[in-house]
C-alpha cells in the first residue's frame with residue numbers, strides 16, 4: 001500500500017552489494033536471541049503477531065495513530081525549523097513520510113522540507129556530498145573561546161558580533177525535552193541554525209562559556225540571559241549525577257530492544273565528556289565543591305572512569321576526547337589535580353603519545369576499545385591531549401613539550417593545520433562527523449592554554465559570575 005513506498009530500479013541498475021549471499025539466500029528478518037525470554041524476543045514476536053493480523057484489517061487505532069504522527073511531524077518541520085531535527089536521517093524519512101501521506105511535491109509543506117534537505121548538499125566540480133547536519137552554533141562558540149583565550153580583546157568586534165549572533169539563537173520554546181524535564185522556563189541552544197524543538201546541553205554549555213568571555217554592550221541583558229540558560233542547564237542533571245545531551249533520565253534499556261529502535265540509539269544516557277563540560281562552565285562562573293550538583297557530577301566522573309584511567313568520549317573520538325574534557329573540567333572547578341585518580345587520566349594520555357609527539361585515535365575504538373589511544377596523529381586530538389595534561393600542572397613535562405612541537409612543526413605557513421581524519425562522533429558505531437574547524441580552533445586553544453597557564457593567567461576572566 002502507499003504507506004510502504006517502493007521504487008523500481010531501471011534495468012541497468014542493481015543493488016547486489018546489499019545481498020552478499022544473493023537475493024534468494026538473504027533473510028532480512030531480525031534474528032531472535034538467547035535466552036528465550038528477553039525483551040527483544042518479546043517485541044519480535046509481537047511484531048510477528050501484528051503482521052499476521054494486518055491482512056485481517058484488525059487495526060482500530062491505525063487512523064488515529066497516523067493522524068497523531070502526522071500532526072507531530074508537521075509541528076516540527078514548520079517555522080523555526082530547518083527540517084525534522086535538522087539532521088539527515090530524520091529529514092529524509094520525513095520526505096518519504098510526506099509522500100506516503102499523499103503530499104504532492106508542489107505542496108508548500110513538502111517543498112519546504114525538500115528545500116531544508118537540499119541545504120545539506122555540497123555539489124562542487126570534484127564530487128557530490130551530503131552533510132549529516134550543520135553545526136554553526138557549536139563552531140561559533142568554540143571559535144569565540146579559542147580567539148578570546150588566545151588574547152583577542154574581549155571588546156573586539158569579531159567577538160561581539162559572534163556573541164550577538166549566538167544570543168539571537170537562544171531557544172525559548174518548550175520542545176520535546178519537556179516530556180521528561182518539568183523545568184518551566186525554556187532556554188538553551190541547538191547545534192544547528194534553526195532547530196527549536198531540540199536544544200541540547202552540550203551546545204548550551206559551550207555557548208555560555210563563549211558568552212562569558214565577550215564584553216557585553218548591555219551587562220544586565222547578558223546576566224538575564226545567562227541566568228536563564230544556566231538554570232535550564234542545571235535542570236538537566238540526571239539521577240546519577242551526570243548530564244545527557246537532549247533529555248533527562250532517559251535510560252530505560254528495553255526501549256532499544258524494539259525492532260524499530262534506530263541505530264539502537266533511542267536512549268540518551270549521561271556521558272563523561274558532557275558532564276565535565278558542564279563542570280568546566282560552572283567552575284568559570286564561581287561554582288565550587290560546596291554545591292551539591294558539583295559534588296554529584298564529580299562523583300559521577302569517578303564512577304565512570306575506566307580502569308586504565310581514561311574516560312569514554314561520547315561526542316568526540318574517543319577516549320582522548322573524553323579524558324581531555326574531564327581533566328579540563330576538573331581543573332576549572334578547582335579540584336586538587338594531584339589526586340591519584342585524576343593523575344591516572346593524565347598518565348593514560350601520556351601512555352598513548354605517538355613517536356612524532358602527537359596523538360591520534362580512530363572511530364574503530366567504538367567497536368574495539370582495545371585499540372583506544374591508537375591512531376595516526378591529528379591536530380585536533382593532539383590539542384585535546386595537550387590541554388588534558390596541562391590541566392594537571394607541571395608544564396615542563398616532556399609529553400607537553402613534544403606535543404607542542406608537533407603542533408608547531410605541522411602548522412602550515414598560513415597558520416592553519418591539515419587533518420583528513422574524522423574526530424567527531426554522531427552515533428557511535430553508526431556515523432561520525434568531520435568538523436572542518438576542529439583542526440584550526442582546538443590547536444589554537446591548546447597553544448593559548450599552555451601560554452596562559454605558563455604566564456599564570458589561567459583562563460580569561462568571566463563577564464558573568466554566579467553570586
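The values are calculated or read from the model by the stated rules, or taken from the named source; none is laboratory data. Keep in mind the model is a prediction, meaning the values are calculated, not measured. Every residue, glycine among them, receives a Cβ derived from its backbone with ideal geometry; neighbour counts consider all protein chains shown.
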So residue 86, is it outside the structural domain of residue 439 (by TED's automatic domain parsing), under 17 Å from the mean Cα position of the chain (by Cα) and crowded, with 19+ Cβ neighbours inside 10 Å: yes
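Would you say residue 119 is surrounded by fewer than 18 Cβ atoms within 10 Å (Cβ to Cβ) and in contact (Cβ under 8 Å) with a residue 60 or more places away in the chain?
Here the answer is no, as residue 119 does not meet what is asked.
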From 183, 103, residue being touching a helix residue (DSSP H, G or I) at 6+ places or on another chain (Cβ under 7 Å), part of a loop (DSSP other than H, G, I, E, B) and surrounded by fewer than 17 Cβ atoms within 10 Å (Cβ to Cβ): 183
Within the stretch 418-467, tally of residues that are farther than 30 Å from residue 216 by Cβ, out of contact with any strand residue (DSSP E or B) (no Cβ under 6 Å at 6 or more places or on another chain) and surrounded by fewer than 20 Cβ atoms within 10 Å (Cβ to Cβ): 7
Residue in the stretch 47-64 that is out of contact with any helix residue (DSSP H, G or I) (no Cβ under 8 Å at 6 or more places or on another chain), modelled with pLDDT of 90 or more and not assigned by TED's automatic domain parsing to the domain that holds residue 246 present: yes
Test: residue 111 is surrounded by 12 or more Cβ atoms within 10 Å (Cβ to Cβ) and not assigned by TED's automatic domain parsing to the domain that holds residue 190: yes
Lone unmet requirement of (1) within 18 Å of the chain's Cα centre (by Cα); (2) closer than 19 Å to residue 429 by Cβ for residue 261: (1)
Any hit, the stretch 72-82, residues being part of a loop (DSSP other than H, G, I, E, B), farther than 20 Å from residue 200 by Cβ, over 32 Å from the mean Cα position of the chain (by Cα) and outside the structural domain of residue 169 (by TED's automatic domain parsing): no
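Regarding the stretch 186-201, can at least one residue be identified that is over 21 Å from the mean Cα position of the chain (by Cα) and either loosely packed, with under 15 Cβ neighbours inside 10 Å or under 19 Å from residue 85 (Cβ atoms) (or both)?
No, the stretch 186-201 contains no residue that is over 21 Å from the mean Cα position of the chain (by Cα) and either loosely packed, with under 15 Cβ neighbours inside 10 Å or under 19 Å from residue 85 (Cβ atoms) (or both).
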